[in-house]
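Data block below; observations after.
The values are calculated or read from the model by the stated rules, or taken from the named source; none is laboratory data. Note that this is a predicted model, so its numbers are computed, not measured. We place every Cβ from the backbone using ideal geometry, glycine too, and count neighbours over all the protein chains shown. Ligands, DNA and RNA are stripped out before the accessible areas are found, and what is left, the full protein with its side chains, is counted by its heavy atoms. Shrake-Rupley method; radii C 1.70, N 1.55, O 1.52, S 1.80 Å.
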Amino acid sequence: MRAVSVPFSRLGVRGSAQLRGTDSQLWLPLGIRLDEIVTEARLTLRYTASPSLLPELSHLRVVLNEQVIAALPLPQEQAGTEVTRTLSLDPALFTDYNQLRVDFIGHYTRDCEDPAHTSLWVSVSDRSELDLSIAALPPAPDLALLPAPFFDRRDSRRLELPVLLPAQADAAMLRSAGIVASWFGSLAEYRSARFPVVTDRLPDRHALVFATNDRRPAGLDLPAVDAPTLRYLAHPRDPGIALLVLQGADDEQLEQAALGLVLGQAVMTGSVVEVTGVDTGAPRPLYDAPNWVRTDRPVRLAELVDDPSQLEARGRAPSPIGVNLRLPPDLLTWNRSGVPIDLKYRYSPPTAIDGSLLTASINGQLIRAFPLRPHTAADGSERLLVPLLGEALAQDTNPLLIPAFQLGTDNRLQFQFAFEHDKAGLCQSAFGDPVRASIDGDSTIDLSDFPHYAAMPDISLFANAGYPYTRRADLSESAIVLPAAPQAGEVEAMLFLLGRMGRMTGVPATRFELLLGDAEPPADRDLLLIGNALVQRWSDERRLRLADPARVFLAPAAASTTRENPLRVTPVVPGDRRVAIEAGGRIAALVGFESPLAERRSVVALIANERSGIGAVVDAIEDPGRLGRIRGDLAILRGNDIASYRGEPTYYVGTLTWWKRLWFHMAQYPVLLLLLSIGAGVLLAFVLYAYLRRAAERRLAE
């Protein structure tokens, strides 16, 4: 049994929820895990009501899964002050997916009233909360439930999934663990995922276990196997804890078990599964990550939502329609005004021209507003659709251009419909509810004309999108390098980063290479270094060297404090700005530079003066509040402080046609471009002069 307090802030309420008008609603989704059951529930509702409401006609209605729990009166003596009400909820009403709803029914007069009058409001605080007592259910020993109970979509918390490994696990075993971590990371999505590494004890929660016949973790009596095997196993001391055991006779079979899990989970049943064969197919092509908007063709907005109903809205002031746009981070928008959208939308038309609008925004920034017109004001290009939603809907089509400077890697495109209340006269309404609107799923966004070309090194692209490793979603051009005997914190950092890249791409990483020690890595790979081994080998060329207690820093002229300009030429930091110190305390850094082994290949390194300090970089990458401060090619972390710098030589990753590349790079030197243009004009004038003179001489000779 455990007690859980869920504030409304965790259910999507920010600050306070404003309920306005005669009839408005607050929807709160709540998931309960499959292996848990609610035994007791209590709702603490904190709200403030308008002083203008009539208490005998106004109230709040609390509804759980379409069952009315209570109707809360709004007495005049409590108006204008925060009121706290506590309600007991029947635990039998809770299912796996739940909807808690607060309805506001408000009136300010007994006579004719304006349903949008400003006095009709109730503010529900995000400090309101649900207190639940939850009992654990014994998980069913059936792999058909995967990924539950190890990951449950109903649980909105960060995924914490321990990984049990034998002591001194080799590179092949760690790679298998990384494949599975990337799969769970892709499932966790917005929740993020952490994978604590355990080697000397059994975890006290659902966990993953990796073993071969000659390397088995302590505390479990696992039988030897002859084939790649996945096994559901109950915890020896607590049957309510499930262990997912991936086992093979050797490292090769263990990898087959990991691949079988991430690629074939949909057909698994029973408590034990043997994997008899896995064909991973050809490496994935560039930029085909399912979570990224495709750049080889126009993409329908219907492809970017989970359900078509997410593109629909109802009511005169409905919630915004949101579409997530995760773009490849190396799209070159230089010399382009923006990203085009062919926008189509349908709506219940107003009876007259008024202030009804459709507003489009990106990341909270206004793009454009379109008036919603009545039938009689529609131009000849507008047409009516078959009334799919129960009434005649007008359709409109408009081009929309998202300004390039407002786009990042993760974007939120929002469409807000707002319908004005039409009044034909006192106590007369010219248009009645329901008012409906939708964005047509056939609306398209087109990135096919944007090339992939990025100035590197840029660790912000790695921190935000796993770039350049995620250019291929299966990481087939990537190699990860760990120390020869990695500590638990370094393995955890690797598993976190692989899980994060799986979250970015939407698919597991099945083709990365993993190396231990300071052996020479392959030259044809982008390298991700965790620990100081190779960085120390290449330290003569780097601007930061961390040891304990010695540190050397080649300071640039200034910190990187703003978003990088893709046309900016980055100077190499002069070598005489050198500072050497000895100090105590923990310090870590995220470093990016071009690989010394091959041109246009990238290296990103997580380093620290203490091996246990690598986790500080992981914490910063996971924290949205600090993530935006990681930029340039060097980010130094001391506690919660992050200082970013730029000073490495610039190189470019991606492809451009020769003439676009010429113009792109020449644009960095406007004076030279002007002189070349003048020179080209003068040269053309001489050529034309010579041609015309010869033509004149021929005519005179005739």
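Values for this structure:
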item	result
Span-rule helices in the chain, defined as complete DSSP H runs reaching 15 Å or more along the axis (Cα) with Kyte mean at least 0.5	171-188, 488-505, 670-701
Shape call, the chain: gyration tensor on alpha carbons, a/c limit 1.5	oblate
Accessible area (Å², per residue) of the chain, counting only protein heavy atoms and a probe of 1.4 Å	46 Å²
Cα-centre dipole for segment 235-356 with unit charges at Cβ (Lys and Arg positive, Asp and Glu negative), debye to 20	940 debye
Among PHE94, PHE686, LEU527 the positive-end extreme of the charge dipole of the chain (Cβ point charges)	PHE686
Apportionment of accessible area to carbon and sulfur, the chain, percent (1.4 Å)	52 percent
Top positive-direction residue, dipole computed over the chain with Cβ charges, set ALA211, ALA242, VAL323	VAL323
Around PRO29: net Lys/Arg minus Asp/Glu count, Cβ-Cβ under 13 Å	+2
Estimated [θ] at 222 nm from DSSP helical runs (n ≥ 4, -39500 (n - 2.57)) normalised by residues in the chain, nearest 500	-5000 deg cm²/dmol
